Amino acid sequence: MQQKVEFHDRAGKALHNPQIRSNFRYAMDGLMLKRLRSFPDLDELNRLRLRSAEIRANALARLPELLEQLEARCRENGIQVHWAETAEQANEIVLGIMNRHGAKLLIKGKSMVSEEMELNHYLEQHGIECLESDLGEYILQLAGEPPSHIVAPAIHKSRQQVAQLFKEKFPDIPYSDDVDTLTRNARDILRRKFYEAPVGLSGVNFAVAETGTICLVENEGNGRMCTTIPPVHIAVTGIEKVVEKLSDVPPLLSILPRSATGQHITTYFNMISSPRKPDEKDGPDEVHLLLLDNGRSHIYKDAELIATLRCIRCGACMNHCPVYARIGGHAYGTTIPGPIGSILEPQKAGLDQLGELATASTLCGACGEVCPVRIPIPELLNRLRFERVRQDHTGATRGQGGQRDPWEARIWKAWSWVHANPMLYRLSMRMATGLRWLLPNRLGPWTSVRTAPRPAAKSLHTLAREKGFDHE
Amino acid sequence: MSEARTNILRRLSAGKPHFAAPAAATRVPLARWDVPGRIDQFRNKMESVRAEVHVTVRDRWPDLLKSLVTEKQLSNLLYAPNGPLGETLSQAWRKEDPSPLICRNEAVDEWKEELFFNIGGAITAARWGIAETGSLVLWPTTEEPRSFSLVPPVHIAVLEAKDIYDTFADLVEQQNWHLCMPTNALLISGPSKTADIEQTLAYGVHGPIELIIIVIT
């Protein structure tokens, strides 16, 4: 139960930090409005969501075959394919490639899977420098912090905080908190690094089995830099990112940026199908695709929870989550925060470790409503709340029953017993109304910001009976 | 074959759940435009992300380009003499000395320093366009490699109006992309940008700061 304490602690700290509260509120309001404006036609949105959900679900239904097909096509195209069961194995594979080239610098495009692997930390322990080139990720690397949002990683920082950070790290560059100037400074600093780096790393948005194509969605051009300029390109992805056909890509590309940031399309959509061919004048000589499992094949076993793997990482669920907007991404303590993180991460780490996250929701339903691939997140949160306390150990979820509290279980057992026995029920109601003055004024955290509830002097049944409604 | 591969595929095949596929969606009806409508849509979307679009007739585009190069004060303009625009470009500047046009025939690795720090702009052809989202579609070639549209601060693209498709889905289907994917296929929709600081849009992060498109009708 260590995690419970940690999570509550972090959430409490975030709630008492007015800067975090206002930075997130401002950013989430903006993102929600932008998304809303980018889908003026609700009919179109609904059809597109149905289509996208169908594409992702069909890909998952055929996942083992599609992974083999993807591997075969990539190999035919000259892309080297690697498989890793754990983050540890994946890190070793990346290190192996770096060592084979005697490479000491890795320049990185944005990749949540590399965050999941804690790749930077691992490579740095082996004397290799990792440099984040996405502006938000770069800012966080300078600050020594993890991302707090999957699409806008530095969303918790204000412009002044970023300016201060640049001033500390680059005292030679004149101080400015103008966003354009800060952006241009980052461009100048990173330009030479793209030029020098022997190996570039990227994530993957979609991997197309039909053609062996790696697709990348981005705005800055750093993703294109990392996959074009260095002689070696490594793409890391979870095994669930595969889609069957090339024709599956346009609908997903249509819904992803609109759901994420409200853009009709991102600046760049980069489709890579092979390393540099003999007559070509640029592009990497080697392209590696690293397929990471790390618990995904375990989630795959459950017919309901498998929907978790449909996710295309747009972040709309967190943008619309009343809990995320208040506590921010760091409070979750996981790679992926927010509603999708609360269903994905406990399944990967085990409910005994992170099951508490499934309770970090009001079940308002906003996340499920905006999800572009229609993942029923509220239902899955409920399902995991059940899994974390179930006792029969017949489910497939890791750490099931791990957070069962014997006291809570006894209370619910008594509750259901009382409600199943009319005599007992009446007796308990009489006690609740009769002894209501015994209820203390302080009820733990509940009353820290609220007044204590007080049972009425007469129950609804009693009132009804007095009015003459004697029978059910 | 690796052990990891065997284990992952074994777990997936063994655990394969039976779940009802979600209700099949009716195919999303695609937006449709006539030729002028397509150009308008393309222009509106491109301009909404601060790209510059100039529509002109075939005979006039070299002069238009020349005035753009002067207006933007480009120190030089990288081009591909053997690419689809090569001859027209050489012709356009044949009388000028010095000409802003420069070309390099070696692999990019040989002149990386110059590419990164001494090129003012680059011009390439665009293979297709997409009206719905205002996107250029490039399949970089030996003559016009992919770094032309990425590294220099200004990218000028020349697009034939007849090559603009309504949607990306149409283009992929009608040009049978699944049979002939190139090393790198690109959709470019505006100059490089970011909103990573306070959700404020800033243009020109790592890719081109300006994108200029000449549409030939």
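The values are calculated or read from the model by the stated rules, or taken from the named source; none is laboratory data. Because the structure is predicted, anything quoted here is derived from the model rather than measured. Cβ sites come from the backbone with ideal geometry, for glycine too, and all protein chains shown count toward neighbours. Just the protein is used for accessible areas: all its heavy atoms, side chains included, with ligands, DNA and RNA removed. Shrake-Rupley method; radii C 1.70, N 1.55, O 1.52, S 1.80 Å.
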> A:G402 passes all but one of (1) in a loop (DSSP other than H, G, I, E, B); (2) touching a Lys or Arg at 6+ places or on another chain (Cβ under 8 Å); (3) open to solvent by less than 30 Å² (accessible area, probe 1.4 Å); which number fails?
Replying inline: (3)
> What number of residues within segment A:282-293 satisfy the criterion of being more than 7 Å from every other protein chain (Cβ to nearest Cβ) and either without any contact (Cβ under 8 Å) to a residue 60 or more places away in the chain or not acidic (D, E) (or both)?
Replying inline: 8
> What number of residues in segment A:444-459 are out of contact with any helix residue (DSSP H, G or I) (no Cβ under 8 Å at 6 or more places or on another chain) and either open to solvent by 60 Å² or more (accessible area, probe 1.4 Å) or more than 22 Å from A:M431 (Cβ to Cβ) (or both)?
Replying inline: 7
> From the residues in segment A:119-155 that are among the small types (G, A, S) and farther than 17 Å from A:K169 by Cβ, which one is nearest to the other protein chains (Cβ to nearest Cβ)?
Replying inline: A:A152
>> Being touching a strand residue (DSSP E or B) at 6+ places or on another chain (Cβ under 9 Å), of a type outside the set (V, I, T), crowded, with 23+ Cβ neighbours inside 10 Å and more than 20 Å from A:M98 (Cβ to Cβ) is true for just one of A:A197, A:A207. Which residue is that?
In response: A:A207
> When you scan segment B:129-141, how many residues do you find that are closer than 21 Å to A:T228 by Cα and either modelled with pLDDT under 95 or more than 10 Å from chain A (Cβ to nearest Cβ) (or both)?
Replying inline: 2
> Which of the residues belonging to segment B:1-18 are at pLDDT 90 or above and within 7 Å of another protein chain (Cβ to nearest Cβ)?
Replying inline: B:A4, B:R5, B:N7, B:I8, B:L9, B:R11, B:L12, B:S13
>> Among the residues of segment A:94-111, are any under 25 Å from the mean Cα position of the chain (by Cα) and open to solvent by 60 Å² or more (accessible area, probe 1.4 Å)?
In response: no
> With respect to A:D279, is the statement that it is more than 26 Å from A:L66 (Cβ to Cβ), facing another protein chain (nearest Cβ under 8 Å) and either surrounded by fewer than 22 Cβ atoms within 10 Å (Cβ to Cβ) or touching a His at 6+ places or on another chain (Cβ under 7 Å) (or both) true?
Replying inline: yes
>> Looking at segment A:250-272 only, could you name the residues that are within 10 Å of chain B (Cβ to nearest Cβ) and among the polar types (S, T, N, Q)?
In response: A:S254, A:T261, A:Q263, A:T266, A:T267, A:N270
> Mind checking whether some residue in segment A:236-249 is open to solvent by 10 Å² or more (accessible area, probe 1.4 Å), acidic (D, E) and within 7 Å of chain B (Cβ to nearest Cβ)?
Replying inline: no
> So, of the residues in segment B:167-192 that are more than 7 Å from chain A (Cβ to nearest Cβ) and in a helix (DSSP H, G or I), which turns out to be nearest to B:R127 (Cα to Cα)?
Replying inline: B:L171
> Given the residues B:A23, B:A80, which is the only one that is assigned to a loop (DSSP other than H, G, I, E, B), modelled with pLDDT under 95 and of a type in the set (A, V, I, L, M, F, W, C)?
Replying inline: B:A23
> Residues of segment B:26-72 being at pLDDT 95 or above, within 14 Å of chain A (Cβ to nearest Cβ) and either part of a loop (DSSP other than H, G, I, E, B) or touching a His at 6+ places or on another chain (Cβ under 7 Å) (or both), which ones?
Replying inline: B:K45, B:V49, B:R50, B:A51
>> Among the residues in segment A:223-230, are any over 24 Å from A:I265 (Cα atoms), outside any loop (DSSP other than H, G, I, E, B) and more than 27 Å from the chain's Cα centre (by Cα)?
In response: no
> In segment A:376-388, how many are part of a loop (DSSP other than H, G, I, E, B) and open to solvent by 40 Å² or more (accessible area, probe 1.4 Å)?
Replying inline: 1
>> Given the options A:R35, A:R21, A:R62, A:R49, name the one that is basic (K, R) and away from chain B (no Cβ under 13 Å).
In response: A:R21
>> Here are the criteria: (1) facing chain A (nearest Cβ under 7 Å); (2) within 17 Å of A:I272 (Cα to Cα); (3) in contact with a strand residue (DSSP E or B) (Cβ under 7 Å, 6 or more places away or on another chain). Tell me which single one B:E144 does not satisfy.
In response: (1)
